[in-house]
Amino acid sequence: MTGYGRIRAHLVRGRLAGAAAVTSVALCASIGTVPAAATTSPARSQAAVTAGSSLRLVDIPMKDGVVLKADVLTPAAGTPGADSRGRHPVIVQPASWGQNDLEYVAQGRKLAADGYVVVTYTVRGFWLSGGRVDVGGPTDVGDVSTVIDWTLAHTEADPGRVGMLGLSLGAGMSLLGAASDPRIKAVAALSAWGDLVSSLYSGQTRHLQAAALLNALQAPTGRPGAEYAQTLADLYANRDMQAVVKWARTRSPETYVDRLNAHGTAVLLANAWSDSIFNSSQIAYFYQKLTGPKRLIMRPGDHATQELTGFLGLDNATWADAREWFDQRLKGGGDTSGGHGAPVELHVRNGSGVEDYPSWQAVGSRTRSLPLGPEDALGTGTLDGPADTGWHTTITGGIDSGADAGVTELSGVLDQVAELPPSVEVPLLPRFAAAVWQSAPYPSVQRIRGQAVLHTTVTSSASQGTVFAYVYDVNALGLGKLVSHAPQSWSGHTPGQAFPLDVALFDTAYDLPAGHRLALVLDTEDPAYGGTTPPGSDVSFSSPQADPSRLVLPLRRPVLASHGAGTAK
């Protein structure tokens, strides 16, 4: 019997929690994941469940005969929230990528104490659940409805008050499930994807480091389906990318947003600015396409890091936001205002407080166009200076200049806990591999909110290539902290012929301190991605008079509401 199976058996027989804790910690250490370790020990024992509530382990059969492992937490008798027939609102929780139904027990206890029936299940293909990994495909979406069917038949769940809560894979499946099943009235999607194409292939550039991490996390406990395995192989090999895009689009909630809107599903999205798996821009764009009740919360951090302490059962703002969302949508009613929070809540990355907005459109309410100018004797061009044109600068392709997006998961965590995003010494970047533009020091704080967009003209000696754009906050010593970045690839262009190129950087909220400079760096190689620039090729950037090169920066309105840690000015 596997370690996970022993945990389940110990619980069924009512044995002590200690053995389960030791087994689960050993298992999680072997696969290098924190969340499962944080939630599979005392929280999984009968003693740790809120007094009076009940926990049971169940097998839920799917329509194709596959059995999913699950657990059910029910409120204690007399817990507020039941209707006149004794039925409670219900939260269905698909486990996240590579994890099992033990994952959410600490948070499930809190939901049960608040009067919710909670059903958590291990997604097919992982751990002791049957089947193969489908990554939110049609089979996984069908499973969501079957789990709801089972829940309504085997628990005291109110069919009119069904919600879904999930993290990462569980978040995407919750959104996809709600698009398919109108019984789902509210969703809280944490570290979610709205567009899986953008997550794997934004800017027509493969996100290889993120894909490799996801594959490594599923390998010890997952059984990949043939379609997923083929897609991953094609992504790595840069082969049949049209099929990869089709596969990802089928698994994108954005594809079915019209159904979500028709159902009137209430959607809470909570993501991190530096999420290196599901980037900030794709979730902001998905949020804008929703027309029903909705709320977006963005915090500093990387994928699933803002939720981490909640797995331990500790106070956690993101999980508290999710519970409040369900209280409002499944128990109460009303709109997203007052004590329930603004429709858009942004936590500024570098410790500058929390800002509320009535819509995403209000976030970057004004823009500033920063012209790119010619380089000086040291190879640095002007940024936000005179609008000079007619210049060009050339770099050698396929060389990593040292400017990069950082390490998947690690860099975002450092930004979250220590305000240390990926950094470079801008004066030391090799100008043969990187084109650099830098502004003069700004006399006042520049509050960057939203998506910066670069427009330039490119001439390459090859028909294909990739440009990586980085914007840095540069202090008096030349140290640049990464504000945002993005890749953009091209193909099919005639070598030696100029063409316009736009690069939409990932959304962010960052305050450039007074006295600091902005720097724009362009190069052609980044370890996080699979670029296509041939090594040794020439890549030139220029600024024709008829189409000047520029960086368009989104800036915050002068006055808006603020709350939390810090004051917005």
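Since every read-out is calculated from the coordinates, none of them should be taken as a lab result. The shown structure was predicted, so the numbers you read here are calculated from the model rather than taken from an experiment. We place every Cβ from the backbone using ideal geometry, glycine too, and count neighbours over all the protein chains shown.
Any of K294/K331; K69/K294; K110/K331 with alpha carbons more than 21 Å apart? Name them for me.
With Cα atoms farther than 21 Å apart: K69/K294.
How many nm is it between the label spots at A387 and A216, if each spot is 7 Å from the Cα in line with the beta carbon?
Inter-label distance under the simple model: 4.8 nm.
What FRET efficiency comes out for S491 versus L57 if R0 is 45 angstrom and r is the Cβ-Cβ distance? Round to the nearest 0.05.
FRET efficiency, S491 to L57: 0.30.
Quick check for me: using +1 on Lys/Arg Cβ and -1 on Asp/Glu Cβ, what's the dipole size of region 51-332 about its Cα centre, in debye to the nearest 20?
Charge dipole, region 51-332, about its Cα centre: 300 debye, nearest 20.
List the residues of region 509-532 whose backbone N lies under 20 Å from a point placed 7 Å from the Cα of R431 along the Cα-to-Cβ direction.
517-525, by backbone N distance to the label point.
Using amide H atoms built 1.01 Å from N in the peptide plane, name the residues 5+ places from A266, or on other chains, whose amide H lies under 5 Å from its own.
A186, V187
Can you compute the FRET efficiency between D376 and L420 using 1/(1 + (r/R0)^6), with r the Cβ-Cβ distance and R0 = 30 Å? Round to the nearest 0.05.
After rounding, the FRET efficiency stands at 0.50.
Can you list the HN-Hα couplings for region 166-178, worked out from phi with the Karplus curve (6.51, -1.76, 1.60; θ = phi - 60°), rounded to whole Hz and with x for Gly and Pro?
So the Karplus estimates, Gly and Pro as x, are x, 10, 6, 4, x, 5, x, 5, 5, 5, 5, x, 5 Hz.
How many nm separate the modelled label positions at R249 and Q361, each set 7 Å beyond the Cα in the direction of the Cβ?
2.7 nm
Counting each DSSP H run of 4 or more residues in the chain as -39500 (n - 2.57), what helix-only mean residue ellipticity at 222 nm follows after dividing by all residues, to the nearest 500 deg cm²/dmol?
So the helix-based figure for the chain works out to -7500 deg cm²/dmol.
If each of A262 and D240 carries a label point 7 Å out from its Cα toward its Cβ, how far apart are those two points in nm?
3.1 nm
From the square roots a ≥ b ≥ c of the eigenvalues of the alpha-carbon gyration tensor of region 389-452, which class results: rounded (a/c under 1.5), prolate (a/b over b/c), or oblate?
Oblate shape, in that a/c is at least 1.5 and b/c is the bigger or equal ratio.
Can you compute the charge dipole magnitude of region 366-555 about its Cα centre, using +1 on each Lys and Arg Cβ and -1 on each Asp and Glu Cβ, nothing else charged? Give it in debye, rounded to the nearest 20. Before the final figure, lay out the partial values.
On the way: 8 positive and 19 negative charges, 97 e Å.
Dipole of region 366-555, to the nearest 20 debye: 460 debye.
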